[in-house]
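Let me begin by presenting the structure, written as structure tokens, before commenting on it.
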Amino acid sequence: MPTDAEAAGLASFLIDDRSSDSLVTADGRVWRIVTDTVMGGVSSATLEPTLTQGKPCLRMRGEVSLENRGGFVQATIDLEQSGFLDASAYRGIEIEVCGNGESYNLHLRTQDTCIVWQSYRIEFVASDQWQTLRLPFESFRPHRIDTPLNTRHLRRLGVVAIGREMQADLSFARLSLYQ
């Protein structure tokens, strides 16, 4: 039996293809950098459009520090300009990444994540060569929330370096939902 996405003829849903040379996506959504300084930490980071190994991308660089109960840097984007994105017809998120061999996370927020530290998370390693990762929704784990991930009400996505002292250096290009 075909999935809803297959029945509708949808192979993927583009979130960002990095055709823009700014922090704004082709459809007007804006990437932001967020660090633990919002809660007293001292981590720092930058996010800039650039070329990594000849590929247009966004590059997040920074230092994750555990001082003052900190420990994260994050590139984040709202998935819908108003309201929520219904991703129930898709199986997960596909992302092209190139990094420094470190582990990073992809975090999702939904209508159910009302407190800032709540999210649904999956970890991945970003090698020093471009790779395309498929991160299935069923592999995202709830963090400080008991409610299962509801893909009908996705609000925000974050690419995150978190939880340990590290130098973050992660480039990411095409980002989409896949069926």
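Coordinate-derived values only; no laboratory data. The structure presented is a predicted model; accordingly, all values stated were derived computationally and were not measured. When we count neighbours, we look across all protein chains shown, and the Cβ atoms used for this are built from the backbone with ideal geometry, even at glycine.
Summarising the overall dimensions of segment 85-179 from its C-alpha atoms, the Rg and Dmax are 13.2, 37 angstrom. For segment 99-146, the equivalent ellipsoid derived from the alpha-carbon gyration tensor has semi-axes of 24, 11, 8 Å in decreasing order.
Among 49, 136, 148, the residue with the largest mean-square fluctuation in a Gaussian network model of the chain, with springs joining Cα atoms closer than 10 Å, is 148. Rounded to the nearest 20 debye, the dipole size of segment 48-179 about its Cα centre is 220 debye, using +1 on the Cβ of Lys and Arg and -1 on the Cβ of Asp and Glu. Ranked for footprinting exposure by Cβ neighbours inside 10 Å, fewest first, 39, 60, 166 give 39, 166, 60.
What value in Å³ per residue do you get for the convex hull of the alpha-carbon atoms in segment 60-112?
Each residue corresponds to 145 Å³ of Cα convex hull volume.
Put in line by how crowded their Cβ is, counting other Cβ atoms within 10 Å and starting with the fewest, 20, 12 read 12, 20.
In a DSSP loop and with at most 15 other Cβ atoms within 10 Å, the trypsin sites (Lys or Arg not before Pro) in segment 139-179 are 144, 164.
Overall size of the chain from C-alpha positions, given as principal axis extents largest first: 51, 41, 28 Å. Each of 117, 130 has some number of other Cβ atoms within 10 Å of its Cβ, and from fewest to most they run 117, 130.
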